[in-house]
1. Mind listing whichever residues of segment B:106-127 are among the acidic types (D, E) and within 14 Å of chain A (Cβ to nearest Cβ)?
2. If A:I602 meets every condition in (1) within 14 Å of chain B (Cβ to nearest Cβ); (2) in contact with a Gly (Cβ under 9 Å, 6 or more places away or on another chain) apart from one, which number is that one?
3. For segment A:545-559, indicate whether the set of residues that are hydroxyl-bearing (S, T, Y) and either at the interface with chain B (Cβ under 9 Å from one of its Cβ atoms) or open to solvent by 60 Å² or more (accessible area, probe 1.4 Å) (or both) is non-empty.
4. Select the strands (runs of 3 or more DSSP E) contained entirely in segment B:72-144, then report the ones holding at least 2 residues which are over 12 Å from the mean Cα position of the chain (by Cα).
5. Of all residues in segment A:362-387, count the ones that are of a type in the set (G, A, S) and open to solvent by 50 Å² or more (accessible area, probe 1.4 Å).
6. Return the only residue of A:V283, A:V263 being crowded, with 18+ Cβ neighbours inside 10 Å, assigned to a strand (DSSP E or B) and aliphatic (A, V, I, L, M).
7. Can you tell which of A:I358, A:I323 is closer than 30 Å to A:I55 by Cα and open to solvent by 40 Å² or more (accessible area, probe 1.4 Å)?
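The values are calculated or read from the model by the stated rules, or taken from the named source; none is laboratory data. What you are looking at is a predicted structure, and each value in this text was computed from that prediction instead of being measured. A quick note on method: Cβ atoms are made from the backbone with ideal geometry, for glycine too, and the neighbour counts reach across all protein chains shown. Remember, those area values only see protein heavy atoms, side chains included, never the ligands or the DNA or RNA. Shrake-Rupley method; radii C 1.70, N 1.55, O 1.52, S 1.80 Å.
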Amino acid sequence: MRDVYESLIIPLSIIVILNVALFILIKARVLQRLSLSKNLIAVLLAVTLIPVICIVVVNERKISSILFTEICEKLVSVGRTRALFIEATLEEVKLDTESIAKNWIVMEVLRQISLEKTSKTDPNFSTTVKNAQGHLNRIATTKGYDDIMLISAEGKIELTSTEHSAEVGFDVSSDDYFKQGKEKTYFTDLFYNKFANNNLMYVVTPCIDAQGRFVGCVIVEVGMRRLYNVLADREGLEETGETYIVNREKLMVSESRFLKDTVLRVKVDTLGVNEGLSGKSGVAIYPDYRNVPVFGSWHPVKYTNWVLLAELDEAEAFAPVGINRLYQIVLVAGAIVMVVIVAIFSARATVRPVHGLIAVSEYIGKGDFSHDITIQSYDEIGKLIKVFQYMVENLRLLIKQTQESISRISSVSVEMLSSSEEQASGSAELAASVGEITATIEELSSSAKQVAVNAESVAKIAGDSELTGNQGKESISESIHIMEEIKETTKDSMKKVASFSEKSQKIGDVLSMIREIASETHLLALNASIEASSAGEYGKRFSVVAAEVRRLAERTKTYAEEIKNVVSEIQASTGAAVLSIEQSVKNVDKGVGVIRGAGQAIDSNLELIEKTSGASRQIVMATQQQRSATEQVAATMKEIAEVVKQSSIGLKQFTVAIADLNKLADEFKEMVGKYKT
Amino acid sequence: MTDGSKNHAVADVPQGNTEEEIRQFIGIRFGTELYGIPIEKTREITKPLQITGIPGTLPHVKGLMNLHGEILCVVDVKILLNMGKTLVTEKSRIVVVKTGEGPVGIFCDEVADIYDILTKDIEPPLSTLSKEMDVSMKGQTQTRDGLMGILDIEKLLMKQEEES
């Protein structure tokens with residue numbers, strides 16, 4: 001639960017708090033005081049690094065804690081193992097010692113010495129002693145003990161495993177270990193033995209005979225070598241790990257890894273030692289005898305007042321943490337660099353269009369619209385640029401149009417000026433022409449008078465024509481009379497021709513008769529020939545005559561035919577003559593009609609002349625009316641002249657106004673011309 | 001009225017051989033065609049008079065005609081010669097022919113003239129003529145008015161009667 005709290009809730013709340021702070025900063029527009037790119041970098045860094053650092057810290061804490069636990073466990077395990085091993089070793093020694101004390105030879109020897117007070121030199125006994133010593137020597141050799149000593153109840157060293165030991169006869173009754181060892185098995189602390197010239201510990205156990213009498217003690221001298229072998233084993237202790245034993249006096253019992261010749265010389269007064277001496281085992285970080293912070297576990301060792309310490313330098317223990325931290329620092333640094341680079345690029349990418357926009361805006365501020373923003377971007381800034389570009393283009397178009405319009409206005413006003421000037425001169429001309437028209441109208445008036453005079457003379461001439469017309473009428477009736485006579489004569493000659501035609505018709509009839517007769521004659525002649533032929537030889541002459549008659553008849557027939565043709569021609573020409581005469585009669589009739597038409601024409605001519613006379617009288621009247629109208633026109637023209645004069649004055653004012661307008665347009669043009677597009 | 005050469009020619013006829021013999025033919029016209037009938041076969045020439053049609057007779061028989069109290073049968077030879085029908089005009093004539101069964105009137109469009117023809121000048125009929133015509137044609141000859149076919153009128157009429 002605490003773990004969750006530490007590694008999840010706290011970092012999370014820190015992240016939240018920091019982000020809220022960032023948000024408040026952004027909200028308070030504190031960051032907006034920076035430039036956009038710096039702002040972006042700051043925000044990106046903050047957003048990236050807050051969680052990263054939190055995670056790193058939590059991670060490291062977690063790793064440290066895991067490592068701590070692990071190392072603790074390791075140290076405890078190593079320490080416990082070694083402590084147990086040492087205890088086991090001591091136990092073995094104890095068991096060995098106790099078994100030695102129970103050995104009957106040892107017991108016998110000690111009983112003889114302590115109770116019987118038998119001298120070792122007694123010949124009966126010396127063999128026993130010798131055997132006992134051999135036994136002890138064998139044990140010591142096989143078990144690797146320094147020495148095994150038998151002490152009498154009085155506390156004198158009676159026998160050692162080594163022959164001729166200097167210690168024999170040495171009284172140890174006053175020594176603490178003898179006193180303790182009389183009661184039960186006792187382990188001494190490590191001490192310096194001058195006889196062995198070595199640091200030793202004694203294991204003392206009482207020897208009690210079958211009757212329950214205390215007969216002496218057995219002391220086994222244990223060298224520390226076999227313990228040291230265990231302690232010096234550095235397996236699982238890395239570079240700086242060590243295990244050592246400290247006694248009640250807080251002196252080091254074993255060799256240090258770091259210092260030389262430490263046994264019973266170096267005092268170790270550390271947390272672990274103190275704790276261990278109070279009979280507890282545990283693990284902690286504390287400064288060791290070198291005053292180096294170490295992980296240490298302490299374990300009290302049974303049978304003795306020792307404390308076994310297993311220690312590992314904190315520096316080494318936490319080395320992986322340090323390496324990990326280094327890695328993480330490198331990672332975070334890399335992340336920062338990357339974030340900064342990305343942020344810079346991103347900021348630049350974001351800001352560049354804005355800079356472009358600013359540059360173009362500055363140009364526009366100066367009135368130069370000729371610059372485009374060509375940056376491609378699809379975000380809001382891109383949209384802004386598009387809109388801006390659109391605005392610039394529109395403004396450009398507007399300015400262009402304005403310029404064009406102004407130049408057009410300018411040119412138009414110039415044209416207006418010139419045209420109004422022209423108009424002024426034109427109105428002057430108009431005034432002049434009005435004057436001319438007035439003059440012309442006066443002339444028209446006088447010519448109308450002339451027309452009236454002429455019309456009167458026309459009326460007179462028309463009267464004369466009337467007279468002449470009447471004379472013409474008379475001569476026409478005369479010519480009609482003559483024509484009637486011609487007609488009569490022609491009709492007469494026509495009758496004569498018709499009678500000639502009738503006569504020639506009769507000639508034709510006669511000729512038909514002649515032909516008929518000739519035909520009959522021919523037939524008769526033929527029959528005559530036939531008759532002649534039937535008459536035979538006598539008829540031959542008659543036949544010749546008949547042939548002649550036949551030919552005559554035929555010739556007659558031919559002549560008659562010719563005459564008939566001539567008569568037919570005569571008849572045809574007579575018919576033509578009749579036709580032509582009839583035609584001439586008709587022509588005469590037509591001539592009469594024509595002359596009558598002429599008479600009528602003269603009559604109508606007379607009427608016309610009368611009409612002309614009337615019309616010319618009307619002309620005179622009309623001319624008079626025209627004169628009065630002309631005078632009215634003249635008066636109107638004068639009024640027009642007045643109006644023209646006034647309009648001329650108005651036009652002059654107009655011209656002045658247009659000149660002003662023109663000037664104004666020029667000024668405006670110049671003003672707008674400052675804008676580049 | 002008399003002509004020396006003519007007289008001589010007429011005088012020569014009895015003395016001359018048959019080659020030099022002159023025969024007279026009455027030239028009649030059917031349409032424009034000139035046919036000759038020997039003068040000795042003819043009795044007279046007359047203008048067409050009142051011809052009374054007889055119902056139930058052959059188409060070439062025009063009818064009967066009263067000539068000076070004599071009743072004549074008038075035949076339209078043009079129908080027999082397949083030359084169409086003869087119409088009565090001013091020039092139309094009837095040649096009265098002597099046959100074994102009495103006189104018959106031949107209706108013709110015109111009587112041209114009487115021709116004196118030497119016998120040697122008469123050529124045999126053309127071989128290209130049809131059999132019917134061959135029977136009734138004796139030959140042809142040249143005259144001053146053109147080529148003249150000489151008709152054997154009796155055979156022509158007889159043939160018709162046989163056929164009918």
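1. B:E110, B:D113, B:D116
2. Result: A:I602 fails condition (1) only.
3. Checked segment A:545-559: at least one residue is hydroxyl-bearing (S, T, Y) and either at the interface with chain B (Cβ under 9 Å from one of its Cβ atoms) or open to solvent by 60 Å² or more (accessible area, probe 1.4 Å) (or both).
4. It comes to B:102-108, B:110-118, B:137-143.
5. 2
6. Just one listed residue meets the conditions, A:V283.
7. Every option except A:I323 fails the conditions.
Each row is one residue, and each column tells you yes or no for (1) in contact (Cβ under 8 Å) with a residue 40 or more places away in the chain; (2) within 20 Å of A:G181 (Cβ to Cβ); (3) touching a His at 6+ places or on another chain (Cβ under 7 Å).
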| position | (1), (2), (3) |
| --- | --- |
| A:G212 | no, yes, no |
| A:C217 | yes, yes, no |
| A:V222 | yes, yes, no |
| A:L231 | yes, no, no |
| A:Y244 | yes, no, no |
| A:S256 | no, no, no |
